[in-house]
Amino acid sequence: MRFSEIPGLTEIKRKLIQSVQTNKMAHAQLIAGKEGALNLPLALAYANYIQCTDRTPEDACGVCPACSKNQKFIHPDLHFVFPLSNIKNDKDADRFKAEITRSEE
């Protein structure tokens, strides 16, 4: 995922890019929003931009080894953390797992 693939959110994208360019990234970022918002794509684009070895001032290159690995979700520095439930009929956990699986396709 690249910033150019995300419509709108110009100011947020600019601030994320600027944090990388000025080397003032937080040790963690919480990107939250309403359901259906572009939270996950924005987080993926940010991670890709950070790890890209040939990024431009505006976006990740999309073709370097780091970008290729991020696109396949196999980059060793790309991690997903999400809650799991051990309750058999937890509809929220089932919905969350389905959303994560769908976003990987």
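Please treat every number below as a calculation from the coordinates, not as lab data. Keep in mind that this is a model prediction, so the values were computed, not measured. Ideal geometry is used to build each Cβ from the backbone, glycine not excepted, and the neighbour counts take in all protein chains shown.
Remarks
- Share of alpha-carbon pairs per 10 Å distance bin for the stretch 3-103, given as whole %: 13, 42, 32, 10, 2
- Axis of helix 10-21 versus longest Cα principal axis of the chain: the two differ by about 70°, to the nearest ten degrees.
- Taking M25, M1 and counting other C-beta atoms within 10 Å, the order from fewest to most: M25, M1
- Once the Cα atoms are used to define both axes, helix 39-51 deviates from the longest principal axis of the chain by about 40 degrees.
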